[in-house]
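This report concerns only the one structure given below.
The values are calculated or read from the model by the stated rules, or taken from the named source; none is laboratory data. Quick caveat, the model's predicted, so the values are computed rather than measured. Here the Cβ positions follow ideal geometry from the backbone for every residue, glycine too, while neighbour counts run over all protein chains shown.
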Amino acid sequence: MNALAAALLAALLACAHPCARAQAPIVIKFSHVVAPDTPKGRAAERFRALAEQRTEGRVKVEVYPNSQLYRDREELEALQLGAVQMLAPSLAKFSPLGVKEFEAFDLPYIFPSKKALYAVLEGRIGRNLLRKLEPKGITGLAYWDNGFKIMSANKPLLEPRDFRGLRMRIQASKVLDAQMRALGAQPLALAFSETAPALRDGVVEGTENTPSNMFTQRMHESQAHLTVSNHGYLGYAVIVNKKFWDGLPRDIRSTLERAMVDATTYEKTIAQRTNDEALEAIRRSGKTTIHTLTPAQEAAWRRAMAPVYTQMEGRIGKDVVGAIRQEVA
Ligand code: LMR
């Protein structure tokens, strides 16, 4: 061995152990728009802890809640560009990618129960929908739950006519737009981060969301009334940049996949409870009167919103809407 080769070998041997230890971890930036103390926020934190612990530090997950990095639409672009690696947008927010089928989950009263919803998400329909993201450079890893939505405003919302002319904030989904119009309201699509300020400033007069999202953004402080209508669903797809994900060492990727499975199981156990606690906290705050619908009032809401199905099935796809309706029947 010549002197140069010997020196190289000695240098390699000397740094083998410390250099390995000093190797920079793989960083996953996980951006989302809600507060840490929500079903999604807590599950993102759980995934971070599991991923870091099980990869023994070879992966570092940086969770950025509350639109700290990006707002709704920007975060999808950031994911495709690789500026972040992981997101969990609501199913209402996928149409900018050209995948409109997820808007089926926004159809009013489509899921009679969480059980029926899980049957759709975890079965063939849910898997096929995630596959539609692949050509967009995105891999779908899981569905995360939030819950059924409630409506709020500064007046009681009990009959469809109570919505007439009200400016209501919605997520950017055409189905939600049609739903609010069917009630006679004026929908306005705003990013989640803009919603609480818009309610405070009177830019919009009411909104729909889950109790956990309303409470953690303190939306209830500027909404004197809310109705526990459970008229629609809010859930998420956990997605990653496909190129990044496919490029991970195989052992790391499978460890992360298992961490995601466990974080998802955890998420499902806390979603309902987190929303129940948030509703109770809103009640205790004394700032908002909470209403429930009589069966006759609920029937009137259902009747008013029914035309949304025929208006929107062309956009979403008759096959998807039909398959979901069949699964939940
Ligand atoms: C909303 O914009 O209201 C929700 O999609 C926010 C979220 O991520 O739960």
Worksheet entry | Hits in region 54-93 (condition: within 12 Å of the ligand (Cβ to nearest atom), in a strand (DSSP E or B) and either hydroxyl-bearing (Ser, Thr, Tyr) or at pLDDT below 95 (or both)) | SER90
Practice prompt. Run down GLU122, GLU101 and say which single residue is acidic (Asp, Glu) and under 25 Å from LEU190 (Cβ atoms).
Written response: GLU101
Fill in: Any chance PHE102 is out of contact with any strand residue (DSSP E or B) (no Cβ under 6 Å at 6 or more places or on another chain) and of a type in the set (A, V, I, L, M, F, W, C)
yes
Worksheet item: In region 125-143, is there at least one residue being in a strand (DSSP E or B), touching a residue at least 24 places away in the same chain (Cβ under 8 Å) and under 18 Å from THR210 (Cα atoms)?
Response: yes
Worksheet item: In region 145-174, what residues are assigned to a loop (DSSP other than H, G, I, E, B) and either under 30 Å from LEU97 (Cα atoms) or under 23 Å from the mean Cα position of the chain (by Cα) (or both)?
Response: LYS149, LEU166, GLN171, ALA172, SER173
Discussion item. If I filter region 306-322 for residues that are in contact with a Phe, Trp or Tyr (Cβ under 7 Å, 6 or more places away or on another chain), modelled with pLDDT of 95 or more, hydrophobic (A, V, I, L, M, F, W, C) and over 23 Å from TYR118 (Cβ atoms), do I get at least one hit?
Written reply: no
Worksheet entry | Residue, nearest to LEU121 (Cα to Cα), within region 182-236, restricted to residues that are under 16 Å from the mean Cα position of the chain (by Cα) and β-branched (Val, Ile, Thr) | THR210
Fill in: Residues of region 316-329 classified as part of a helix (DSSP H, G or I) and either over 21 Å from the mean Cα position of the chain (by Cα) or on the phi > 0 side of the Ramachandran plot (or both), total
8
Item to complete: Being under 19 Å from LYS149 (Cβ atoms), surrounded by 15 or more Cβ atoms within 10 Å (Cβ to Cβ) and of a type in the set (D, E, K, R) is the filter here, so list the residues in region 298-329 that pass it.
Response: GLU298
Fill in: Pairs with Cβ under 7 Å, 6+ apart, first in region 174-192 and free of Cβ contacts under 8 Å to residues at least 12 places away in the same chain, second within 14 Å of the ligand (Cβ to nearest atom)
ARG181/PRO187
Worksheet item: Within region 216-226, can you find the residues that are within 12 Å of the ligand (Cβ to nearest atom) and surrounded by 23 or more Cβ atoms within 10 Å (Cβ to Cβ)?
Response: MET219
Worksheet item: Quick check, is ALA49 in contact (Cβ under 8 Å) with a residue 60 or more places away in the chain and within 19 Å of GLU267 (Cβ to Cβ)?
Response: no
Worksheet item: Does LEU256 count as crowded, with 22+ Cβ neighbours inside 10 Å, in a helix (DSSP H, G or I) and modelled with pLDDT of 95 or more?
Response: yes
Practice prompt. Looking for whichever is closer than 30 Å to VAL204 by Cα and either among the hydroxyl-bearing types (Ser, Thr, Tyr) or surrounded by fewer than 18 Cβ atoms within 10 Å (Cβ to Cβ) (or both) here; the options are ARG164, ARG131, ARG169, ARG127. Which one fits?
Written response: ARG164
Discussion item. Please go through (1) more than 22 Å from ASP162 (Cα to Cα); (2) in a helix (DSSP H, G or I); (3) away from the ligand (no atom under 15 Å from the Cβ) for ASN213 and return the number of the only condition it doesn't satisfy.
Written reply: (3)
